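Please read the structure below before turning to the comments.
Each value in this text was obtained by applying a stated rule to the coordinates, not by laboratory testing. The structure displayed is predicted, hence computed values, not measured ones. In this analysis, Cβ positions are derived from the backbone assuming ideal geometry, glycine residues included, and neighbour counts consider all displayed protein chains.
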């Protein structure tokens, strides 16, 4: 939740993180490789898979798991971009509401008679614009992203409701409907889209100059500015990209359901943040990886699907999800604290 | 060391999942998916299924999402398909968002029944709909009940659920129709239809606004369980039970105190228990080949008599609404 | 800046008060029935739960944290109190009220512990406990509602009967809580330390402020007040449903608090401002149905109002920084 105006805990954590970077060189190689949050995620993923298989004989079935993954992939695509935003030291809680808003814009325009391709384009434009609005409030008005996006989350959800009312809008052409049933090489198309985006963003973050600069901005915005990095421009780009990702996710959901309602993806912000945190991205910025988030998505898919197919009451599921979020953040903090010594 | 304990803690959290395990079954396996957990109304339907299956020897289970949001049931349906159950009975949260996944279930040979609410306009995506009552009679029944309380005279208002709730809108349209066309109701004037979104706070505020905006209001119809309870609470608080009559659709447990203290004279509903009971008998009959699903066919259900499959494969559990008053309310517990 | 503008910015409470009057007049002009005592009664009954929780949220925000879990905390206290009334009818109501407050306080303390022990941002911690506590609500209640017949008459009548001037008990309790908060924040050493902690967390330990106990305290108070709101929920609505009670409550409360001029950057906020913020939002929620405006606009209004309040807050801070710089350069 660090912002340019913040002082205190966030600041010291950041300074420590810088020190840690230098200190890390001295540790033995096996520690560098093994003691990473992503490894924890991977271990949990494997463990969860075995537990889920033991719980229900119906779980261990690749087709079923891939099919079920389609429900989570929509949030997952947003979570990938959210990873970049959090590494850069900001956060955004509004994309789930924005998914609903963009999908409602799309459906409303389609119903008003606009060609479907144009309506889809409009949804993406609205997504980018709303993302830019978040960026404007955070970067130019210098409001803390964590609170301001709580405001815009309420606002976007409200606008979606005003636009669509309390009914579902549907009647889309058959080629648009049911993207999650389309399979390529045995894998549903949304899962392929998710994986492709993960690869592109992973390469971007790890191997491009801008990608490295995102880490620097998250580690210390002041230092980044002194080093001549255009902090504001990069962050603005990330907010807009997040808006676009939300629009894409909204359209995927519209295709899967063949209809759109204002309350779709409600509560999705928790899932998205959970995916990023579970993947070992540092909440104060400066650290994290796309690989971690990618693994975390599969971890969530396995846990949620495993519990549902074993008929475990939703009660237990809610508690596991909430506890998981807190435990993953604590664990990540400990691992980063440990690597500092 | 610290790290190891942490991972252990994380694992411990995931093993909370070990609460219940699935066992493969012989015989017919029925699963019922209500709108959401925590809704006492659906517990009665579940009880009907349980008793039905206990008698018929089928295996029954129930599972539900936390919220009644349109898409929240989808992962649960997918999981049940994977569990290879024979029958999925569902009280749908959306008339259209479930189309795709229900089609998939039917492709796999699963019998899909809509229970308590139908996929209005998308009936081809389920095998049959088991509805509580003949919905075309619900609106007129309610108008008649309120009319009898206010001597068929004065201003009345409707407090509904959401503006697009399909069942409520069907009933409200029928209410408007009889109020306009039946001379018996010519002195009753419908002054407002408002929507409380099935939320206690909003329903309460809407009901209070009704009392304030229409000082001459004689009666309120609230054809939704949340709305009628909120309106009863408002009338009781304002102390206007003598001036304003209230009726609607509510559950006996929810309305009991208001009937006892005279805030509400009578309200109506149907039997959710019988729906579960009927659905279990119907499902087993179809699976065993005793019942063929086609409009016009009939079958026997113990305690309910002969039941007819209507147009669009709709099955009505009872014809007219049950009216609850101070005399009979203690016979019911749901 | 015009005189009126600076008046608005400097006296935040006056600004909100003027807003309340303007909104009332506009709505009254369209629908004269709005300007009656009856409306005042409806507004008064719409705000007590929000007002009580807002007092807790305000203290948390002043200490530079936030508590998103209050809706679930409220539901937990509410359902447990309701179950007590149902399963142990001989237990006096006051015990139920006490249990609700204590449970809320316990959940609040847990939030605080997670924040101070692991140095985690409160927003993420409470986003997690929002889901966790809701799970607990389903767990303890076995996902079953507590029906109206089990809520004691005397508890319900607190929302209906009045000891004085026709003001229901529940409203009096809410304003008593606000007044107590005012005394606590303004006239005790600990209260002032909350402000000092929030305005500068780094310097706070140097000034002898015990950061950990005070952070725990604000979260505990926020939880306890959410717990009180929970038992009053049972009074107001006459039943407790595990899936409905308190859902989305946190957003309404945060909106009211930031509209009331409490700064999310900590250290700034008054009880009077918060009360007025709650009143403004409560009045709008009553005005919409009276005007016949769709309730859909409520969320748009709440969201816009949060963003607007944050922008005003920012503008005020910029002004005071500039004023300070001016004072320094002229000295």
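Annotations
- Principal semi-axes of the equivalent ellipsoid, √(5λ) from the alpha carbon gyration tensor of chain B, are 38, 26, 18 Å from largest down.
- With 0.36 nm allotted per residue and the present C-alpha distance subtracted, the residue C:294-residue C:211 stretch has 25.3 nm of extension available.
- Mean sequence separation of contacting Cα pairs (under 8 Å, at least six apart), scaled by the length of chain A, corresponds to a relative contact order of 36 percent.
- Label-point separation, residue A:199 to residue B:106 (7 Å along Cα→Cβ), nm: 3.8 nm
- Convex hull of the range B:135-269 built on C-alpha atoms - directionally averaged projected area, nm²: 6.9 nm²
- Note on the range B:91-189: Rg/Rh from C-alpha atoms, Kirkwood Rh, equals 1.13.
- A protection proxy built from the mean count of other Cβ atoms within 10 Å ranks the segments A:185-193, A:112-120, C:308-316, A:301-309, most packed first, as A:301-309, C:308-316, A:185-193, A:112-120.
- Isotropic mean projected area of the C-alpha convex hull, chain C (nm²): 19.0 nm²
- Result for chain A in a Gaussian network model with C-alpha springs under 10 Å: among A:216, A:142, A:271, the largest mean-square fluctuation is at A:142.
- With Cα atoms, 0 to 90° folded angle of helix B:272-287 axis to chain B main axis: 40 degrees
- Ascending count of other beta-carbon atoms within 10 Å, so fewest first, for B:53, A:104: B:53, A:104
- FRET efficiency estimate (nearest 0.05) - Cβ-Cβ, residue C:318 to residue C:189, R0 41 angstrom: 0.85
- Mean Cβ neighbour count within 10 Å, used as a protection proxy, ranking C:238-245, C:174-181 highest first: C:238-245, C:174-181
- Measuring how big chain A is from its alpha-carbon positions, Rg and Dmax come out at 20.1, 64 Å.
- Protection proxy ranking for B:191-197, B:33-39, using the average of other Cβ atoms within 10 Å per residue and placing the highest first: B:33-39, B:191-197.
- Kirkwood estimate for the range B:21-114, i.e. one over the average of 1/r between Cα atoms, Å: 13.5 Å
- Nearest-ten-degree value, helix B:225-238 long axis tilted from longest Cα axis of chain B: 40 degrees
- Peptide C:57-63 has a mean shielding of 0, counted as Cβ atoms of other protein chains within 10 Å of each residue's Cβ.
- Computed helical MRE - 222 nm, chain C, DSSP H runs ≥ 4 contributing -39500 (n - 2.57), nearest 500: -24500 deg cm²/dmol
- Between 0 and 90°, nearest 10: helix B:2-15 axis offset from chain B longest Cα axis: 70 degrees
- Taken residue by residue and averaged, Cβ atoms of other chains lying within 10 Å of the Cβ of A:281-289 number 1.
- Here the gap between residue B:193 and residue B:151, fully extended at 0.36 nm per residue and compared with their Cα-Cα distance, gives a gain of 13.0 nm.
- Potential lengthening of the chain between residue C:176 and residue C:164 amounts to 2.9 nm, from the contour at 0.36 nm per residue minus the alpha-carbon distance.
- Against the compact-protein benchmark of 2.2 N^0.38 Å, the Cα-based radius of gyration of the protein assembly as shown scales to 0.94.
- For the residues of C:114-127, the average number of beta carbons from a partner chain within 10 Å of their own beta carbon is 5.
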